[in-house]
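See structure below.
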Amino acid sequence: MRNFVHLHVHSEYSLLDGACRIEQLVDKVKEMGENAVAVTDHGYLYSAIKFYKMAKEKGIKPIIGCEVYVAPRSRHDKNDKLDRTPYHLVLLCENNTGYNNLVKLVSLSSIEGFYSKPRVDIEILEKYHEGLIALSGCVAGEVPRKILSKDFEGAKETILRYKNIFGENNYFIELQNHGIPEEKTILPSLYKFAEETGVGVVATNDAHYVNKEDAIAQKILVAIQTNTKIDEDSGMSLPNDEFYLKSYEEMSELFKYAPNAIENTVKIAERCNVELEFGKILLPEYKSEGVFNSYEYLRNICFEGLEKFYSKDKTVFETAKSRLENELSVINQMGYVDYFLIVWDFVSFAKKNSIPVGPGRGSGAGSIVAYCMGITEIDPIKYNLIFERFLNIERVSMPDLDIDFCYEGRQKVIDYVVNKYGSDHVAQIITFGTMAAKAAVRDVGRVMGLPYDTVDSVAKFIPFEANITI
């Protein structure tokens, strides 16, 4: 491992703030001869899996982290005057326990602590600190902000509190030098407090973009987010173009008076060893009183449907029965019995409560099991649909039954599942929207203050075609 590792980096998943695209970030780290890098997006772990896989693929050690927001008081306090400006704190996963704890912290920060931003607090940091290494953060961190307000005693108390929470050698004072006045003001105090408290220092560059020349792109993103022009002060704009992935040589020059701060980046990186496992399927069990054998229960439901839909034509019935037996065998062998029962259960709930349900779409419509259970309403025998496109014993992949519910009753279905399986066992999956080419051109033109007619004419040159480049 080289002599410096970036431990404070914001990817494109620090939405409309970070401009480091994951692949470009990893490629740049490799190009600079580094062997590891952390991604510490604001408040969330949106990029963690994509970053982990990409870094592993390219031979770079991924360090999963997050720059969390810490509530000034409790995460439950939401006073407009007292709780609008949370502190920044960088958390890095040392091991899988740390990763699990960071996932918990990030989840709670949104579920319980959200107020303008997702927020943790001291209570849950104390509870879920194991396996995490903490860095004190940028100038928006609690320690720097107290130094800037000349609350030196409070700053020192904060350092000792976090040292106590995370443990010896698990909390570090973060040193940054982007050439801005606030950093120059606090650096002497940070060194002094580090020495007095026995806390290590670590050098970081608050990277929001990969290369120095990318500063303008990041500035445009922030302007789009804040609905301002790029020459206006949005209150979130970075003060200069120094927030990029600096080389070992550049960082060594900036911190030549504190070589241990550079060395500690490598020591921390060496300690961070998270191994994520993919392809292991963890499915819940179907919950129902009096059902002792899930497979027999599934068969009973399916054969009731078989009688209902196919009993009028003996030839079709025998064809359907043979196919049903085959599908049930595959579903049982692949371990998806409970999955089908769970989906059948909440679809049945919707239908019993007059909540409109879609007829089925995607490859799941090719399953006679799904049809006989009433999950789908499309007869795969009649339309000669292929089950193997949905589930194939020679290609192990999760079945995916796409179910559409009327938006007016959709929440009732979600509530039913939450009540049955517990709120800690039910999650909604996020999707990310990206700017299409025409919209991106219009947004960029607007924040640059260009005439509307000019921007409009450029946008209209872009064809309505998929997979084009601007």
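Please treat every number below as a calculation from the coordinates, not as lab data. Note that this is a predicted model, so its numbers are computed, not measured. For neighbour counting, all protein chains shown are included, and Cβ atoms are generated from backbone atoms with ideal geometry for every residue, glycine included.
For region 95-119 and region 174-191, write down the distance between their C-alpha centroids in whole Å. Using only Cα atoms to place each centre, the spacing works out to 28 Å.
Determine the distance separating the Cα centre of region 389-425 from the Cα centre of region 197-223; give it in Å without decimals. Here the two parts' Cα centres lie 40 Å apart. Here the calculated FRET efficiency for residue 308 and residue 430, from their Cβ-Cβ distance with R0 = 45 Å, stands at 0.75, rounded to the nearest 0.05.
Distant-in-sequence amide contacts of residue 36, defined by a placed amide H-H separation under 5 Å and a gap of 5 or more residues or a different chain, comprise 61. On a straight-distance basis, which aspartates and glutamates could pair with residue 246 in a cross-link, Cα separation under 13 angstrom, same-chain partners fewer than 8 positions away excluded? Partners within reach: 31, 34, 206, 213, 214.
With a Förster radius of 22 Å applied to the C-beta separation of residue 84 and residue 123, the computed FRET efficiency comes to 0.65.
Please list, by residue number, every one of the GluC sites (Glu not before Pro) in region 384-470 that is coil in DSSP and has at most 16 other beta-carbon atoms within 10 Å. Here the sparse-neighbourhood loop sites are 394, 408, 465. For the chain, the relative contact order is 12 percent, taking Cα pairs closer than 8 Å that sit 6 or more residues apart in sequence and dividing their mean separation by the residue count. Pick the calculated percent of Cα pairs over 40 Å apart for this structure from (1) 37; (2) 61; (3) 25? It is the value labelled (1). In this simple spin-label model, placing a label point 7 Å from the Cα along the Cα-to-Cβ direction at both residue 277 and residue 453 gives a separation of 6.5 nm. Pairs exceeding a 20 Å alpha-carbon distance, out of 61/267; 312/351; 28/53; 81/117; 117/412: 312/351; 117/412.
Packing-based ranking of 354-367, 74-87, 129-142 yields 129-142, 354-367, 74-87, ordered from highest to lowest mean Cβ neighbour count within 10 Å.
For residue 460, a cut-off of 19 angstrom between C-alpha atoms picks up these lysines, skipping any fewer than 8 places away in its own chain: 438. Karplus-derived 3J(HN,Hα) values for region 25-40, using 6.51 cos²θ - 1.76 cosθ + 1.60 with θ = phi - 60°, are 4, 5, 4, 5, 4, 5, 4, 7, x, 8, 10, 8, 7, 9, 10, 10 Hz; glycine and proline are entered as x. Find how many whole Å separate the alpha carbon centroid of region 323-370 from the alpha carbon centroid of region 150-173. What the calculation gives is 54 Å, centre to centre. Dipole magnitude for region 22-271: computed about the Cα centre from +1 point charges on Lys and Arg Cβ and -1 point charges on Asp and Glu Cβ, it is near 520 debye.
Could you compute how fast region 430-470 diffuses translationally, taking Rh as the Kirkwood radius over C-alpha pairs and applying Stokes-Einstein at 37 °C with viscosity 0.692 mPa s? Give it in µm² per second. Please list the in-between numbers first.
Values: Rh = 11.1 Å.
Result for D is 297 µm²/s.
Amide H contacts of residue 392: 397, each under 5 Å away and 5 or more positions distant or on a separate chain (H built 1.01 Å from N in the peptide plane; Pro and chain starts excluded).
Going through region 192-290, which GluC sites (Glu not before Pro) have at most 15 other Cβ atoms within 10 Å and a DSSP loop state?
Details: sites: 195, 196, 213, 232, 242, 249, 250, 253, 263, 270, 275, 277, 285, 289; in loops: 232, 242, 275, 277, 285, 289.
Those satisfying the criteria are 232, 275, 277, 285, 289.
Can you tell me which of 46-55, 151-160 comes out highest on packing, and rank the rest after it, using the mean Cβ neighbours within 10 Å?
Numbers: 46-55: 19.7, 151-160: 16.6.
Output ranking for 46-55, 151-160: 46-55, 151-160.
Karplus-derived 3J(HN,Hα) values for region 316-323, using 6.51 cos²θ - 1.76 cosθ + 1.60 with θ = phi - 60°, are 5, 4, 5, 4, 5, 5, 4, 5 Hz; glycine and proline are entered as x.
For region 160-167, 3J(HN,Hα) computed residue by residue from phi via the Karplus equation (6.51, -1.76, 1.60; θ = phi - 60°) reads 5, 5, 5, 4, 5, 5, 8, x Hz, glycine and proline entered as x.
Remark on residue 172: its backbone amide H falls under 5 Å from those of 134, 135, 136, a criterion applied only to residues 5 or more positions apart or on other chains, H modelled at 1.01 Å from N.
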